[in-house]
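The values are calculated or read from the model by the stated rules, or taken from the named source; none is laboratory data. All values reported here derive from a predicted model rather than from experimental measurement. When we count neighbours, we look across all protein chains shown, and the Cβ atoms used for this are built from the backbone with ideal geometry, even at glycine. SASA here: full protein model, heavy atoms, side chains in, ligands and nucleic acids out. Shrake-Rupley method; radii C 1.70, N 1.55, O 1.52, S 1.80 Å.
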Amino acid sequence: MKLVGKIALVSGAGSGIGRAISVTLAQQGTMVVVTDIDEAKAKQTATEIVGMGFKAIGIAMNVCDSQQITSVQTTLAQQNMLPHIIVNNAGWTTNQSFIKNPPDLWDRLIDINLMGVIRVTRAFLDPMTQNGQGGTIVNVSSDAGRVGSSGESVYAAAKGGVIAFSKSLARELARYKINVNCVCPGPTDTALLRTTPEKFQEALLNAIPLKKFADPMDIANAVAFFAAPESAYVTGQVISVSGGLTMVG
Ligand SMILES: NC(=O)c1ccc[n+]([C@@H]2O[C@H](COP(=O)([O-])OP(=O)(O)OC[C@H]3O[C@@H](n4cnc5c(N)ncnc54)[C@H](O)[C@@H]3O)[C@@H](O)[C@H]2O)c1
């Protein structure tokens, strides 16, 4: 229970990796604000966490909707529940060669995966810079953003953007004791991975040295490390949780 008294906001937390992150942070004593574009899924995750004996609430928040993000911020401020920990996890991709991509797909991929992180971070930053106690931001990027991914060129560009944004922000926010780090999942067993072609999944499995997809909890454990006081001296860093698929120097 390293994080008792802390409040964490997790985006895209109604399922998959975001759900696992919410459960893990709650188990560490955090009060978790579970947010998702799908309100029912956010509330379901929160209910499950409360059922386990931990603290959480579920709220609708689309990371592409600035007005809704501001309204969530205002509601939390009124309830004295502004987050000390922000986990930008919401993301989406699809597998299609760049040559076939319609331009509106580029817009959607960049809007969710890069602009979503920028919007949510900006909306919750002022209280963190003003409270004198600092805070933690953990951005869920992807190994696609470190080493590229065939069929995901624009997604990879957005995720690479998240890494560059995180490093630059880490430099800017160090003076406020706000740490910013990135977790890059490799192939992880969630609904998102299961939308990719089976052949692609098989090829991935063969290439992973540990010969299995990550469990969402594997990613959550890395996020929990960056959220914990033990990593207070770590900022601007990127860690791959990929079963050894990528080994970036
Ligand atoms: N699963 C993988 O193999 C993998 C690999 C690398 C990176 N990632 C990244 O991990 C993160 C989580 O992915 P996942 O596999 O758990 O996906 P998922 O599809 O299982 O869950 C994503 C959640 O985000 C929500 N969401 C989608 N669009 C949203 C929006 N605009 N605003 C708020 N919420 C939204 C969905 O409703 C869903 O609950 C994403 O950023 C993804 O890019 C996943």
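Scanning region 228-242 finds no residues that are without any contact (Cβ under 8 Å) to a residue 24 or more places away in the chain and closer than 27 Å to Gly14 by Cα. Total residues in region 108-147 satisfying the condition of being more than 13 Å from the ligand (Cβ to nearest atom) and not hydrophobic (A, V, I, L, M, F, W, C): the figure is 12. One residue alone among Leu210, Leu245 is within 23 Å of Gly160 (Cβ to Cβ), at pLDDT 95 or above, open to solvent by 30 Å² or more (accessible area, probe 1.4 Å) and in contact with a Gly (Cβ under 8 Å, 6 or more places away or on another chain), and that residue is Leu245.
If you take the residues of region 232-242 that are assigned to a loop (DSSP other than H, G, I, E, B) and hydroxyl-bearing (Ser, Thr, Tyr), which of them is most open to solvent (accessible area, probe 1.4 Å)?
Keep residues of region 232-242 that are assigned to a loop (DSSP other than H, G, I, E, B), which gives 232-237, 242.
Cutting the leftovers down to hydroxyl-bearing (Ser, Thr, Tyr) gives us 233, 235, 242.
Details: Tyr233: 221, Thr235: 52, Ser242: 12 Å².
Within region 232-242, the match that is most open to solvent (accessible area, probe 1.4 Å) is Tyr233.
For region 220-238, the criterion of a residue being within 11 Å of the ligand (Cβ to nearest atom), closer than 22 Å to Val138 by Cβ and within 21 Å of the chain's Cα centre (by Cα) is satisfied by at least one position.
Within region 130-159, being in contact with a strand residue (DSSP E or B) (Cβ under 7 Å, 6 or more places away or on another chain) and not basic (Lys, Arg) holds for Gly134, Gly135, Thr136, Ile137, Val138, Asn139, Val140, Ser141, Ser142, Asp143, Gly145.
Considered as a group, the residues in region 64-88 that are open to solvent by less than 20 Å² (accessible area, probe 1.4 Å) and under 13 Å from Arg119 (Cα atoms) include one that is farthest from the chain's Cα centre (by Cα), and that residue is Val72. If only residues of region 41-51 that are open to solvent by 10 Å² or more (accessible area, probe 1.4 Å) and touching a residue at least 24 places away in the same chain (Cβ under 8 Å) are counted, the one that is nearest to the ligand (Cβ to nearest atom) is Lys41. When the residues of region 114-170 are filtered to those that are in contact (Cβ under 8 Å) with a residue 40 or more places away in the chain and of a type in the set (Asp, Glu), the one that is farthest from Pro103 (Cα to Cα) is Asp143. Here Met128 does not qualify as among the hydrophobic types (A, V, I, L, M, F, W, C), open to solvent by 50 Å² or more (accessible area, probe 1.4 Å) and outside any strand (DSSP E or B). Restricting attention to region 182-203 and to residues that are over 16 Å from the mean Cα position of the chain (by Cα) and over 13 Å from Ser150 (Cβ atoms), the residue that is most open to solvent (accessible area, probe 1.4 Å) turns out to be Glu198. Answer yes or no as to whether Lys159 is surrounded by 15 or more Cβ atoms within 10 Å (Cβ to Cβ), more than 30 Å from Lys41 (Cα to Cα) and at pLDDT 95 or above. When the stated conditions are applied, Lys159 does not pass them.
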